[in-house]
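Everything on this sheet refers to the single structure shown next.
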Amino acid sequence: PNTGLPEDPGSHCDVLIARADGSGRRRLGHGSRPHFSPDSKYLVVVDRMDDEFGTGIRLYDLSSPKEPSRLIVRDAVSACFARGSDRLLVVRCTGEIVMANREGSILRTVVTREKLLRRDIFLGELYDFPFGDVKCADIDW
């Protein structure tokens, strides 16, 4: 069917947005596992990296027609907004969870791969993780 959207011969996922009533549908680009920022001005997705094999986190700035998207964190498999629209929790390909800003700078490691692999991780030590500035997050991987 003719959707009025640009054709893309690639074999990857497309990111589409629309108003709540379904009108105004438009294609933004590529990606999967989308997460909106709390203020709905940004959208992060997992996307293939432009120049090599692998995936990274792409940020769509929904309020800027000049720069609609950019790859902000390389070698990552999932991301979501943490506290407000300026901080992201990112799951790296290495297995660690890091805090990053919208520009893609890694601010700190939140959970190391080694901690995640410990067998007793969900038996109480989860409360010891330094999630202090994370108000709410929803990461899937």
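A few points about this structure:
- Peptides ranked, highest mean first, by Cβ atoms within 10 Å: ranges 100-107, 38-45: 38-45, 100-107
- For Arg87, the residues 5 or more places off, or on other chains, whose built amide H falls under 5 Å of its own are Ala82.
- Amide H to amide H distances under 5 Å link Cys13 with Gly31, where only residues 5 or more positions off or on other chains count and H is placed in the peptide plane.
- Phi to ³J(HN,Hα) by Karplus 6.51 cos²θ - 1.76 cosθ + 1.60 over region 96-104, Hz, x for Gly, Pro: 7, 10, 10, 9, 10, 9, 5, 7, x
None of the figures in this text is laboratory data; all of them are computed from the coordinates on show. What you see is a predicted model, and the numbers here were worked out from it, not measured in a lab. Please note: Cβ atoms are built from the backbone with ideal geometry, for glycine as well, and neighbour counts cover all protein chains shown.
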